[in-house]
Amino acid sequence: MLVVEDLYKSFVTAQGALPVLRGVDLCLAAGESLALTGESGSGKSTLLHLIAGLDYPDGGRVLVDGEVLHARREAGLAQWRRTGIGLVFQQYNLIGSLDVAANLDFQARLAGRHDAAWTGHLVERLGLTALLSRYPEQLSGGQQQRVAIGRALASRPGLVLADEPTGSLDEASSDAVLDLLLALVRDADSSLLMVTHSARMATRLSRRVTLHLGKVRGDERGGAEADANAGANADADADADADAGANADARSNAGAASNDAPTSALRP
């Protein structure tokens, strides 16, 4: 599905050109999950941005189903970002003025692929049923990342790009979020390319590629058996979160009877 061939990218600084990618070769098959690891400055996020069509390489090429991605005009790259990929960021990047339901629908409607049944499946699996009318600022970090995963997958993209999706979460929340991400990527028949600093998280994906000084220095198989268990763990976590959300709503309603100043959702 995705092939990166001899990719180069430099950035101009006051001291001159700074090479970041120095001939990267990479492939990702349909339905595969790949962890991209390496120290800070090794080029992981730069590579992700090039694959997303957010920047242009200095040399080499990115092929998607045999087509050279950067041969497209800007409108074609924008279409790729709308319909071909789903993006999950470390800082969630939810729209503060939209509630959870609208955030979930946003990408799919842009892509012209809104599917109420599939969205309902995502809501149930992600444990978001009790949270649909809430706004991002009313959610925990783990809940916001669940919404971000749902938004990225709502259009059923062929490729999901995740840049440190658990980097802002504690270990328990990170495990739960990764369980859900792996399970739902499989449900959507998508491929996953995930940047992570965590060796523990990287072993959960089917392959691990390491970048060092802008070059691929390792390509190894990951823990496919862990992927197989992710769906069961994700279901259990989603059910627990749904129960917790219902209990929280009950407590909130009880408190409202004695408090006439409920919290308002604010635009960030």
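The values are calculated or read from the model by the stated rules, or taken from the named source; none is laboratory data. Bear in mind that the values here come from a model prediction, so they are computed numbers and not experimental data. In this analysis, Cβ positions are derived from the backbone assuming ideal geometry, glycine residues included, and neighbour counts consider all displayed protein chains. Heavy atoms of the whole protein, side chains included, go into the accessibility calculation; ligands, DNA and RNA do not. Shrake-Rupley method; radii C 1.70, N 1.55, O 1.52, S 1.80 Å.
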Picked from the stretch 141-153 (must be in contact with a strand residue (DSSP E or B) (Cβ under 8 Å, 6 or more places away or on another chain) and among the aliphatic types (A, V, I, L, M)), the residue farthest from Tyr92 (Cα to Cα) is Leu153
Taking the stretch 54-109 as the search range and keeping residues that are among the acidic types (Asp, Glu) and not in a helix (DSSP H, G or I), which one is surrounded by the most Cβ atoms within 10 Å (Cβ to Cβ)?
-> Asp99
Selection status of Ala35, under 29 Å from Leu180 (Cβ atoms), modelled with pLDDT of 95 or more, buried (at least 21 other Cβ atoms within 10 Å of the Cβ) and not β-branched (Val, Ile, Thr) = yes
Looking at the stretch 1-21, which of its residues are open to solvent by less than 70 Å² (accessible area, probe 1.4 Å) and either in contact (Cβ under 8 Å) with a residue 24 or more places away in the chain or not in a strand (DSSP E or B) (or both)?
-> Met1, Leu2, Val3, Val4, Glu5, Leu7, Lys9, Ser10, Pro19, Val20, Leu21
Set Glu124, Glu137: member being in contact with a Pro (Cβ under 7 Å, 6 or more places away or on another chain), modelled with pLDDT of 95 or more, outside any loop (DSSP other than H, G, I, E, B) and surrounded by fewer than 23 Cβ atoms within 10 Å (Cβ to Cβ) | Glu137
Applying the selection to the stretch 21-50, what residues are among the β-branched types (Val, Ile, Thr) and within 17 Å of Gly218 (Cα to Cα)?
-> Val24, Thr37
